[in-house]
């Protein structure tokens with residue numbers, strides 16, 4: 001058997017830089033998550049965004065779905081609250097290898 005050493009290059013990861021050295025990756029993002037006012041500014045900007053879902057329709061669809069599957073009362077309450085324009089909604093899309101993938 002022939003054994004060959006394998007050298008794995010350890011470079012900076014996007015996740016590492018995002019968390020510990022945001023200045024290195026800030027050009028990739030629309031706002032700095034580490035600034036206290038970033039989320040307020042982002043929410044204000046989204047309030048004026050005209051490309052959005054119909055809150056009432058989304059709320060009703062989610063409410064009907066959650067009732068049909070017998071979800072918890074808290075889930076029903078949150079689905080109802082989506083109809084209120086003063087409710088801030090944060091939607092997170094999940095992709096397991098997103099931060100580890102090459103850009």
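One residue stands out among those in the stretch 49-69 that are in a loop (DSSP other than H, G, I, E, B) and within 19 Å of the chain's Cα centre (by Cα): the one that is modelled with the lowest pLDDT, which is 51. Annotation: residue 84 fulfils all but one of (1) part of a loop (DSSP other than H, G, I, E, B); (2) surrounded by 15 or more Cβ atoms within 10 Å (Cβ to Cβ); the unmet one is (2). Screening residue 26 against (1) outside any helix (DSSP H, G or I); (2) modelled with pLDDT of 90 or more leaves a single unmet condition, (1).
The values are calculated or read from the model by the stated rules, or taken from the named source; none is laboratory data. It should be emphasised that the depicted structure is a prediction, and the values quoted were computed from it without experimental measurement. With ideal geometry, Cβ positions are generated from the backbone for all residues, glycine too; neighbour counts draw on all protein chains shown.
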